[in-house]
């Protein structure tokens, strides 16, 4: 079966920066809904017309990957408003930033704790790969038609390319 809009594709990949440093690898196939919210639009477009066993080599500039880096999404907040078990790499939903934080923090972003100082915490609302051009090697493991339920949900819930807020103490992106 060829990949078409609103099908399910199982992928493995290697994600590298432009210097060739590996950023992420997915060795076991994971299913994604095309035409939903699981993949970046540039990846969905590149996959169209391919089938089982195909390998794609993609070079994505920031605007086609995780966006340009926006320094206006970096905030220095008081350390005292955060829990004692705070760690670098933890994330917070913008709508759930602790009381006492800057009122200028846009609520529609996910914020990553990038630095912790005795008096302050640095929160960054950019995607961790924002501003970075990436090289992505994708292998299509399988393709199948999406069910009506999958199409209605708009996602298979895999969201590897979407940053999700984490539970305190869980330091992984996916």
What percentages, rounded to whole numbers, describe P(r) for region 56-156 computed over all alpha carbon pairs with 5 Å bin width beginning at zero?
-> 2, 11, 17, 15, 13, 12, 12, 9, 6, 3, 0
With Rg from the Cα atoms and Rh as the Kirkwood inverse mean 1/r over Cα pairs, region 1-74 has an Rg/Rh of 1.00
Only Cα pairs under 8 Å and at least 6 apart count here; give the relative contact order of region 71-124 as a rounded whole percent.
-> 47 percent
With T = 37 °C, eta = 0.692 mPa s and Kirkwood Rh from C-alpha pairs, the Stokes-Einstein D of the chain in µm²/s is about 186 µm²/s
Points 7 angstrom from Cα along the Cβ direction at residue 63 and residue 108: gap in nanometres?
-> 1.9 nm
Given the convex hull over the Cα atoms of region 71-124, what projected area results after averaging over all orientations, in nm²?
-> 3.3 nm²
Do the sum for the chain: with -39,500 (n - 2.57) for every DSSP H run of n ≥ 4, divided by all residues, what is the mean residue ellipticity at 222 nm, to the nearest 500 deg cm²/dmol?
-> -2000 deg cm²/dmol
In whole angstrom, the spacing between the Cα centers of region 5-66 and region 74-104 equals 32 Å
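We did not get these values from a lab; they are worked out from the coordinates using the rules stated. Please read these numbers as outputs of a predicted model, since none were measured by experiment. As a convention, Cβ positions derive from the backbone with ideal geometry for all residues, glycine included, and neighbour counts pool all protein chains shown.
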